[in-house]
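One structure below.
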Amino acid sequence: MLVLFETSVGYAIFKVLNEKKLQEVDSLWKEFETPEKANKIVKLKHFEKFQDTAEALAAFTALMEGKINKQLKKVLKKIVKEAHEPLAVADAKLGGVIKEKLNLSCIHSPVVNELMRGIRSQMDGLIPGVEPREMSAMCLGLAHSLSRYRLKFSADKVDTMIVQAISLLDDLDKELNNYIMRCREWYGWHFPELGKIISDNLTYCKCLQKVGDRRNYASATLSEFLPEEVEAEVKAAAEISMGTEVSEEDICNILHLCTQVIEISEYRTQLYEYLQNRMMAIAPNVTVMVGELVGARLIAHAGSLLNLAKHAASTVQILGAEKALFRALKSRRDTPKYGLIYHASLVGQSSPKHKGKISRMLAAKTVLAIRYDAFGEDSSSAMGVENRAKLEARLRTLEDRGIRKISGTGKALAKTEKYEHKSEVKTYDPSGDSTLPTCSKKRKIEQVDKEGEVTEKKAKKAKIKVKVYLPNSVEEEEEEEVVLVEEETSTKKKKKKDKKKHIKEEPVSEEEPCTSTAIPSTEKKKKKKKKKDIED
């Protein structure tokens, strides 16, 4: 059996001397402990050396892609076909290709993997003519070359240009706003009505640059910048303008500022086109999902496309709203639902109550698009188009959820009864309007006086009754007087209390039970005294 072994220096083909020892897979490593033991099991039959690192890189890239290099094909035809022995291969895919193209029987098994491991451990002793220093240098060079090849480094994939372009675009917008504001304010002293008539900043500067002094508007033609109606309005306003007169030197300085504004705005449009092309080259799927500006801002915020690809969907969703996030966490309030992604067209189309949902779904799909653009080999935007269509369909379902028609049994539940107007005549109750008493104070006082007279009459009657039943003894008369005094004091106290109650509430006669209770108590005392006299 022959063994194909690939090294960074070249291809090596070994012949297995003792195949019986290969049957013991677990103890095979013991046979490769020293170079002497290894030479007893395998022997080098042929070694094909690479001329330089470029040739080695071409050979290894072909092996990684499952292809046979021309140099390897020659070696296999020359040595393996003549030997008529099976070939042990480390990669099963490569073995399939060799068998298909060269019609050679290839073996790939755990025994072969263990054999390859043993050969690699004793490679310096098994391959003569190759110095260890040369081997390590070739290994390092091939590793660097292979890494560059696998990353597929290209000038089109540099995302630094996007970061710089979007930063410059933001700076240009700020400067343009400052310049235009200054220009409008400056020229407004001379012709203030023009700023209200022409709202577009670039058109304003172009008109100003062409005409200059307001007296020239009558003879100037502005049809290339303005429609006829607006042009007529500007000319009419110039004739009756309230602005002050300015010198020619002032007008010249204002015109210089206008030229700066026009040049910067033209450069901005050019830079925007450059950014669009760069984004479509580097991140086409992200551009389809969120647009050029939002995608570029996300890349600039993360630092690079690779750094952005490492972020989770929840991080991408709130990227740009870090201050609001930490403020919410400190104060234990609701965290923000979106950051830079808020400016995407899909989030802008949705209603306010669905913006959070759409931003979350858009962030999840955008992260997939970012990773596909960063690590994928395909540069098409098919994935982004497909995901955007799904999100748009989802947005339509969310927006139409309340307007959807009810079908099936839901129709019966959705039926409402006919409205019948049932009017009930209700009278107004004025008693709840005020807390004042219904009767006047004068009437209450009169009622209290009348009740007082009634109670006095009752008390007199009670006194008469008591005097009838009393005996003629002197002691009994003293006791009767005491009882009468007590009754009079109790009636006076009760009268005072009743007067207070009558002011707040309706009058209630409470004196009757008192007199009735007082009379039987006196009668009981009389009976007890009579019994004592009888006993004596």
request  = Report, to two decimal places, the Cα Rg of the range 248-389 normalised by 2.2 N^0.38 Å (N = number of residues).
outcome  = 1.31
ask   = In what sequence, largest accessible area first, do H108, H256 appear using a 1.4 Å probe?
value = H256, H108
request  = Can you work out the accessible area per residue across the range 1-75, with the rest of the protein chains kept in place, probe 1.4 Å, in square angstrom?
outcome  = 53 Å²
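What does the charge count around G125 come to, taking other residues whose C-beta lies under 14 Å from its C-beta (Lys +1, Arg +1, Asp -1, Glu -1)?
Net charge around G125: -1.
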Protein accessible area in the range 141-290, 1.4 Å probe - carbon and sulfur % = 53 percent
Rounded to whole Hz, the Karplus (6.51, -1.76, 1.60) HN-Hα couplings of the range 295-311, x for glycine and proline = x, 5, 5, 5, 5, 5, 5, 7, x, 6, 5, 5, 5, 5, 5, 7, 6
query = In the range 1-130, what percent of the accessible surface is made up of carbon and sulfur (1.4 Å probe, ligands and nucleic acids excluded)?
reply = 50 percent
key: Cβ-based net charge around I251, under 10 Å, with every Lys or Arg adding one and every Asp or Glu removing one   = -3
message = Quick query: amide H of A88 versus all other amide H atoms, modeled in the peptide plane; which residues come in under 5 Å with a sequence gap of 5 or more or a different chain?
response = L2, V3, L4, I107
note = Taking only protein heavy atoms and a 1.4 Å probe, the highest-to-lowest accessible-area order of H84, H46, H301 is H84, H301, H46
remark   = Once amide hydrogens are built 1.01 Å from N within the peptide plane, the residues lying 5 or more places from K45 or on another chain with amide H under 5 Å from its amide H are I13, F14, K15
ask   = Ignoring ligands and nucleic acids, what accessible area does V385 show with a 1.4 Å probe (Å², nearest 10)?
value = 80 Å²
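Counting only pairs 8 or more residues apart or on different chains, how many lysine pairs in the range 190-329 have their Cα atoms under 25 Å apart?
Close lysine pairs under the 25 Å cut-off: 6.
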task = Using the Karplus curve 6.51 cos²θ - 1.76 cosθ + 1.60 with θ = phi - 60°, work out ³J(HN,Hα) for each residue of the range 323-332 in order, rounded to whole Hz, and write x for Gly and Pro.
result = 4, 5, 5, 6, 5, 5, 5, 5, 8, 6
request  = Can you check what the Kirkwood hydrodynamic radius comes to for the range 222-312, Cα pairs only, in Å to one decimal?
outcome  = 17.6 Å
message = Within 13 Å, Cβ to Cβ, of E266, how many net charges do the neighbouring residues add up to if Lys/Arg are +1 and Asp/Glu are -1?
response = 0
task = Any chance you could get the radius of gyration and Dmax over the Cα atoms of the range 183-243, in Å?
result = 10.1, 26
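The values are calculated or read from the model by the stated rules, or taken from the named source; none is laboratory data. None of these values were measured; they are calculated from a predicted model. Cβ: placed from backbone, ideal geometry, glycine included. Neighbour counts: every protein chain shown. Each accessible area value is taken on the protein alone, full model and side chains, heavy atoms only, with ligands, DNA and RNA left out. Shrake-Rupley method; radii C 1.70, N 1.55, O 1.52, S 1.80 Å.
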